[in-house]
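Report on one structure; see the data block that follows.
Just so you know, all these numbers are worked out from the coordinates, no wet-lab data involved. Just so it is clear, the model here is predicted, and its values are computed rather than measured. Using ideal geometry, Cβ is built from the backbone for each residue, glycine included, and neighbour counts are taken over all protein chains shown.
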C-alpha cells in the first residue's frame, strides 16, 4: 500500500482567560471532523494554555477538505488563540500537492521517508 498519509501538526497559545472558550470550540472541531471519511485520527491535547491538535488524513485531498470543513470554527478559534507553530508531515508527492494551498498558513513541511503504514 502506498503511503499517502498527511499529518497536520498545529500548536496554539490560548489568550489569557479564554481556555474554557477554546475547549468549547474543540468540541465543535471534533463534531465537524467526525463526518470526514478521510480523517484517520483527531484529538486535542493541553499543557496549560498551550494546545496541540493531533490529526492525520489519508491524503492531501482529505487534509484540504478538513481545513475547508472546519474553516468557520478555526476563524473563531483564531480570535482567542494564536498559532505558534504549524507543521505538515507527508510523503513528497503529497507535500507538493499541499505547498501552494497551504502557503498562506506558512507551515513547515517535513517529507516522510521510509517507515511503514498498516
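The table below lists the values:
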{"quantity": "By average C-beta atoms within 10 angstrom, highest first, the peptides 25-31, 58-64", "calculated": "58-64, 25-31"}
{"quantity": "Nearest 10 degrees, 0 to 90: helix 92-102 Cα axis against the chain principal axis", "calculated": "40"}
{"quantity": "Label-to-label distance, nm, for residues given as residue 113 and residue 78 (7 Å Cα→Cβ offset)", "calculated": "3.3"}
{"quantity": "Helix 60-69 vs. the chain, principal-axis angle (Cα, 0 to 90°, nearest 10)", "calculated": "20"}
{"quantity": "Estimated translational D of the chain in µm²/s (Stokes, Kirkwood radius over Cα pairs; 20 °C; 1.002 mPa s)", "calculated": "146"}
{"quantity": "Between helix 19-33 and the chain: long-axis angle, C-alpha atoms, 0 to 90°, nearest 10", "calculated": "40"}
{"quantity": "P(r) of segment 29-83 over all Cα-Cα pairs, binned every 10 Å from zero, in whole percent", "calculated": "22, 55, 22, 1"}
{"quantity": "Helical contribution to [θ] at 222 nm, DSSP H n ≥ 4, -39,500 (n - 2.57), averaged over the chain, rounded to 500", "calculated": "-11000 deg cm²/dmol"}
